[in-house]
1. Only residues that are among the hydrophobic types (A, V, I, L, M, F, W, C) and surrounded by fewer than 24 Cβ atoms within 10 Å (Cβ to Cβ): list them for the range 159-176, please.
2. When you look at CYS110, is it touching a Cys at 6+ places or on another chain (Cβ under 8 Å) and either within 13 Å of the ligand (Cβ to nearest atom) or assigned to a helix (DSSP H, G or I) (or both), yes or no?
3. Just to be sure, is GLN143 within 29 Å of PHE231 (Cα to Cα) and in a helix (DSSP H, G or I)?
4. Within the range 281-310, can you find the residues that are touching a Gly at 6+ places or on another chain (Cβ under 7 Å) and hydrophobic (A, V, I, L, M, F, W, C)?
5. For the range 117-140, which positions are of a type in the set (Lys, Arg) and in a helix (DSSP H, G or I)?
6. Say we look at the range 146-185 and pick out the residues that are free of Cβ contacts under 8 Å to residues at least 24 places away in the same chain and in a loop (DSSP other than H, G, I, E, B); which of these is nearest to LEU217 (Cα to Cα)?
7. Tell me whether the range 225-232 contains one or more residues that are within 15 Å of the ligand (Cβ to nearest atom), surrounded by fewer than 19 Cβ atoms within 10 Å (Cβ to Cβ), touching a residue at least 24 places away in the same chain (Cβ under 8 Å) and within 30 Å of VAL81 (Cβ to Cβ).
8. Could you list, in sequence order, all residues of the range 312-327 that are away from the ligand (no atom under 16 Å from the Cβ) and surrounded by fewer than 18 Cβ atoms within 10 Å (Cβ to Cβ)?
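The values are calculated or read from the model by the stated rules, or taken from the named source; none is laboratory data. Being a predicted model, the structure only gives us computed values, none of them experimental. A quick note on method: Cβ atoms are made from the backbone with ideal geometry, for glycine too, and the neighbour counts reach across all protein chains shown.
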Amino acid sequence: MKDIRTLSLDQLKDYFGTIGEKPFRAKQVYDWIWSKNLHSFEEMTNLSKNLREHLIRDFVMNPAAVDQFQKSTDGTIKNGVKLHDGLMVESVLIPTETRTTACVSSQVGCSLNCEFCATAKLKRMRNLEVAEIVDQVALIDRQSKEYYNRPLTNIVFMGMGEPMMNYKNVVEAIKKITQPEGLGMSPRRITVSTSGIPKMIKMLADDELRVKLALSLHSAIESTRNEIMPFSDKFPLTDIMEALQYWYKKTGSVITFEYCVWKGINDKDEDIKALIKYCRQVPSKVNLIQYNPIGEGKFDHRSVAAEEKYVRELEKAGVTVMVRKSRGGDIDAACGQLANKTAE
Ligand code: SAH
């Protein structure tokens, strides 16, 4: 049976027409589903019993639900979320003093092959549906209220998958999450993180969603980047930069470059110089992310000295740089560690 959440508002109106109901019923049901994140027809109290029974006969709702729950010593919560076909994704709640951030997945697994990322080892199984993305956000919002007495404040598409490879559903989910009748999240508090697919970056700029953009750079030297992110040989750094400049021109929104420093890979002066040269071409800031080991030997060596040098040199060059502390590492909830370990 069809999940009612795969229908657009117009399709819902058509459906109600065929069963002899008024079109405004469609809006009522739509609100229950998308604004209140309700998962049962029985609870749609402004519908007659008869109508509710009709819906139960004709549709199902397949909520994505927490199957595994782990709480880190630093307060980070990692959810193993089970989908209707039994596949799992991970969704993380990251609390700080002032915010609660949801780190959500866009795909089951990932088709890209970044050598340092645990999700890449899973391969891509399928794209998430709109409702599966919205459910992750809604469930973390509920957890935020339950555990931290405040609603969710930020969303990052930095869980499993490459959001640009599931573009249509990610955009539709963002529209649902930001609509005032629903969670009403400001798009400025949503960050889409991409490994860098120029055509899609431009499309996102054109779609005027007003979200923020992060680019996982890790090296501004083409050959190094291609080595650690092999898929990127199809997307030269100059093409990515051209797309980022287009993004800034269209949106006025500053780009965040995500960057890990690894000993023997990108810890030399020329790496720092290349990064400075690259990010100066567009209004941007650099987030130095602490690498979370995933058992890939060649990335396992952190160089604190090189990290400090990056910070010094970037600041000297007038580039805004932040060092992001890793969260949830003790439960494998940190960046690049999402790999359904609990399900194995
Ligand atoms: N595919 C998207 C979003 C998911 S990854 C993207 O690439 O941006 C979210 C961030 O975690 C990316 O910046 C990615 O490069 C980074 N990351 C991946 N593996 C990591 C690891 N083991 N340690 C730290 N960061 C990692």
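1. Let us first name the residues in the range 159-176 that are among the hydrophobic types (A, V, I, L, M, F, W, C), namely 160, 164-165, 170-171, 173-174.
Within the range 159-176, MET164, MET165, VAL171 meet the criteria.
2. In short, yes.
3. Taking the combined requirement at face value, the residue does not satisfy it.
4. ILE294
5. Selection gives LYS121 alone.
6. Restricting to residues being free of Cβ contacts under 8 Å to residues at least 24 places away in the same chain and in a loop (DSSP other than H, G, I, E, B), the top hit is GLY184.
7. Within the range 225-232, one or more residues are within 15 Å of the ligand (Cβ to nearest atom), surrounded by fewer than 19 Cβ atoms within 10 Å (Cβ to Cβ), touching a residue at least 24 places away in the same chain (Cβ under 8 Å) and within 30 Å of VAL81 (Cβ to Cβ).
8. Across the range 312-327, the qualifying residues are ARG312, GLU313, GLU315, LYS316, ALA317, GLY318, THR320.
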